[in-house]
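Colleague: Take this structure, written in structure tokens, and hold onto it; I'll ask about it next.
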Amino acid sequence: MTVVGNVATQPDFKEAANGSAVSRFRLAATVRRWDRAREEWADAYTSFYTVWAWRMLAANVVASVSIGEPLIVQGKLRIQEQEREGKRWLSADIDAVSIGHDLTRGTSAFRRVSPARPLPVEPVRMAEAAGGGSGGTPQPVGAATAS
């Protein structure tokens, strides 16, 4: 499902028991209706969703999203029924697959992030061989040397 709304709570960030990152926040989605009598748009009702993001999406949400910002959230809806203090409660959670700012209501600056990856062993050996191994000035792989 896809929901368009505003961030209602600051996203929090935790590490799950299995070691993966998880973030959650509340999203408020307000339905607007045309009021014929007043000839203007009016708010009807607001639905609140708890949005869950996992792994890299969780880290990016915490770095990018603040209270009040308009978002578009796409994911899987999960309705949960709970009983607290003798009363039944229903909660609507979204396991997010994708989250982005709603560009119909503002602008956003995108920055690509890439996870840190260790350098493979083989290119390091090739660089050492090209630079003479020991005592020489380290050379980038593929760098030309003066003869």
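The values are calculated or read from the model by the stated rules, or taken from the named source; none is laboratory data. All values reported here derive from a predicted model rather than from experimental measurement. With ideal geometry, Cβ positions are generated from the backbone for all residues, glycine too; neighbour counts draw on all protein chains shown. Ligands, DNA and RNA are excluded from the accessible area calculation, which covers all protein heavy atoms including side chains. Shrake-Rupley method; radii C 1.70, N 1.55, O 1.52, S 1.80 Å.
Colleague: Within the range 63-91, how many residues turn out to be in a loop (DSSP other than H, G, I, E, B) and over 17 Å from residue 29 (Cβ atoms)?
Modeller: Selection size over the range 63-91: 3.
Colleague: If you check residue 134 against the conditions, is it modelled with pLDDT under 95, polar (S, T, N, Q) and under 15 Å from residue 24 (Cα atoms)?
Modeller: So residue 134 fails the test.
Colleague: Could you list, in sequence order, the residues of the range 1-26 that are among the hydrophobic types (A, V, I, L, M, F, W, C) and open to solvent by 60 Å² or more (accessible area, probe 1.4 Å)?
Modeller: Passing the criteria: 1, 4, 13, 17.
Colleague: Now, a different point. Of the residues in the range 23-45, how many are closer than 30 Å to residue 57 by Cβ and not in a strand (DSSP E or B)?
Modeller: The initial filter retains those residues of the range 23-45 that are closer than 30 Å to residue 57 by Cβ, namely 23-32, 43, 45.
From the residues that got through so far, the ones that are not in a strand (DSSP E or B) too are none.
So the answer is 0.
Colleague: Where the second residue is open to solvent by 40 Å² or more (accessible area, probe 1.4 Å) and not basic (Lys, Arg) and the first is within 9 Å of residue 23 (Cα to Cα) and lies in the range 38-64, which pairs have Cβ atoms under 6 Å and are six or more apart or on separate chains?
Modeller: 52/95; 62/13
Colleague: Which of the residues that make up the range 27-74 are open to solvent by less than 50 Å² (accessible area, probe 1.4 Å) and more than 19 Å from the chain's Cα centre (by Cα)?
Modeller: Result: 31, 35, 42, 47.
Colleague: How many of the residues in the range 75-94 are within 16 Å of residue 49 (Cβ to Cβ) and exposed (fewer than 14 other Cβ atoms within 10 Å of the Cβ)?
Modeller: Residues flagged as within 16 Å of residue 49 (Cβ to Cβ) and exposed (fewer than 14 other Cβ atoms within 10 Å of the Cβ) within the range 75-94 amount to 10.
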